[in-house]
1. For residue 222, list long-range residues whose amide hydrogen, built 1.01 Å from N in the peptide plane, is under 5 Å from its own amide hydrogen.
2. Quick one: which residues, 5+ away or cross-chain, put their amide H under 5 Å from the amide H of residue 390? H built at 1.01 Å from N.
3. Extension gain residue 165-residue 638, at 0.36 nm per residue separation less the Cα-Cα distance, in nm?
4. Just one of (1) 26.3; (2) 27.1; (3) 28.4 is Kirkwood radius over Cα pairs in Å as worked out from the coordinates here. Which one is it?
5. At 1.4 Å probe size, with the rest of the protein present, what percent of the exposed accessible area of segment 177-247 is carbon and sulfur atoms?
6. Using alpha-carbon pairs under 8 Å, 6+ residues apart, how would you state the relative contact order of the chain in percent?
7. About the Cα centre of segment 218-371, how large is the charge dipole given +1 on each Lys and Arg Cβ and -1 on each Asp and Glu Cβ? Please answer in debye to the nearest 20.
8. Whenever you get a sec, compute what percent of the accessible area on segment 414-520 sits on carbon and sulfur atoms (1.4 Å probe).
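The values are calculated or read from the model by the stated rules, or taken from the named source; none is laboratory data. As the structure is a computational prediction, the values presented were derived from the model and not from experiment. All Cβ positions, glycine included, derive from the backbone under ideal geometry; neighbour counts span all protein chains shown. Ligands, DNA and RNA are stripped out before the accessible areas are found, and what is left, the full protein with its side chains, is counted by its heavy atoms. Shrake-Rupley method; radii C 1.70, N 1.55, O 1.52, S 1.80 Å.
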Amino acid sequence: MVRGSWLKNGSGFRAPGSGLGVRSQGMKTAVPLLVLLSIFGTVFAGDCRLRIGTNLAGPADWGSEWPFVDIMKYSRAWIPYNSVWMENGENPWDTGVLDRIPADQNGYPLELPFTVAGTETTQVVRTVWANTFSLPEGLYTVLYEGEGTLDVEFDGSVISREPGRLQFQLTRRDRILSLNLLESRKGNHVRNIRVLMPGTENTYLENPWCAEWLEKLEPFRALRFMDWGLTNNSTLKQWEDRPRIDDYTYTLRGVPYEWMIDICNRKKADCWVCVPHQADDGFIRNMAELFRDGLDPSLKIHVEYSNEIWNWMFDQTHWLFENGDPGVEWPERIVPFIQNSLDIWTDVFSGQTERLVRTVGVQGAWQDVSNRVVFNMRPGSFDAFAPAAYFGFSDSAYAALSALGASATAEDVLHWARRSVEGQSAAWLRSQYETISVPAGLPMIYYEGGQHLTPDPFGSDQPYNQALMDAQVHPEMYDLYTQWFDTLRGLVSDGRTGLLMNFSFIGERDGKYGSWGVLERQFGQSAPYRDTAPKYQAILDALCDPGSGVSAEKVAGSGLSLSLNPNPFNASVRIRFHLPQRGKVTLKAFDVRGGQIAVLIDGERAAGENVTDWDASGLPSGPVLIRLKAGTRAEAKKCLLIR
């Protein structure tokens, strides 16, 4: 069954034709000034056929992405254990009785040690971080309220302690850090624990975000928070269940929505959020109101119902099947849930729906399911549909890698991945584009994308797994990503700009479960990225949102800037730019087609203000883009040359 009328007569989204009556006269172009100014105002947006944002890694103590300087927020759930070592006892690492230790609304135990029937002795708790090699070494500060005793183990050594404050030195050794809560006084229990990275005790209240994370995130102008919200297998139902700012850790219920809003506002980045699949109407409405009132109105909000609700490895797919109308076939059965969620957001944003991009997620490799979901949504009730844009392996690729076994190399992996980019993966997305996007007049954007080079079966130990990891940092991976971006640009209708949400931001390489991060480390990994992070470098070089984010320095106050004077100009323009620190700089000029006109600077420049003059007297009239790059940061300004 297909609802409503979907096919469009013509293309109401197509940009105006390019017949401007421009006449070439040697090196000059006879174009009226008003026409040039009109072109100047629109041409560069049209040149950007593919914007690239990113998914962020979910909160986890074993991860490599640390957005907050307070690492307590990414600690593991409390682990209960015996308060003293019991001779001839079992003394398990986790006694499994956490739910029997009373706690406050934020998860802090009300009293420790605590007697739990059936255990060997009274109980205390610890939390851990199981990837200290991804954290900076140095002096950490623990702050807390209440009365009690705290200690650290493994990679932490206590340097000083006083009521409400403890300092420890983190030295990478065992790959694990433990914070033990040994005593907590009833009536004034230990609470509001903060574990602050080195050098952040005096600034964390004003700026809770890690500077190194902000710097690497700077180029991205759109952020997807699917993993931040622990969307897959979510148990959130009512608004009271949502994660709160003061939760002792965000690894249980997710990062609070308030932090999603805060980082988007600070970075001036568009926001992509996922509604939990079990959320009731009150939850959905309150969530929409929070983003409506909290997010900068100039920023877009992509809203999506859950994540991959066609993927049977996730609880949400089973829940929707079991709770949908049994008289309706799958996947049509899931459509009412998507429709209801987006309708509530539409109602909340009444009068300002232009702020929304109501998005329907589909499976890129399963055209029939995509059709039966998208074409059963109410026409006009959503703004875009979104498959994932991954390239991976075909069956023949897996057969070849299995035959190679441990002798497989990174070059073998990339050879077969390229076959996918040029074949199966591209064909799947082209089908989505031609079957849905073109006839329905719907933008096709991508909720996730990038390489999907995992073993078969997923999560298994295969002899070729090392080659999968080696391929991630091979120079040819840069070329493969660049080729894939070109493929995606070819699936964008005239007059539109596509959007790819890279998956994912920072994460270690893993042969069994996938090497999803375009960066492996937040600390200690820096430019140039071509050799150590070719996926990240390919994204940086493909970005067409120059100056779209802000650097860590800009969040705090100052950063990269660029100005042109005069503008419009005749023959010569003065270019001023400010650098937050000394470094390699490129300053280039581009024409309306994106072709490079001139390299104005390519070398080291000092921190502070820099000035250069550009003589363009040999060029014809027209709009020009001046683009400044310094490390991972970029700024661009449009100018108009009038002869």
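1. 54, 270
2. 450
3. Here the answer is 165.1 nm.
4. Answer label, from the structure shown: (2).
5. Values: 1230 of 2970 Å².
Answer for segment 177-247 is 41 percent, counting heavy atoms of protein chains only.
6. Details: 1382 pairs, mean separation 99.4, N = 643.
Here the relative contact order equals 15 percent.
7. It comes to approximately 540 debye.
8. On the way: 1830 of 3710 Å².
The nonpolar share, carbon plus sulfur, comes to 49 percent.
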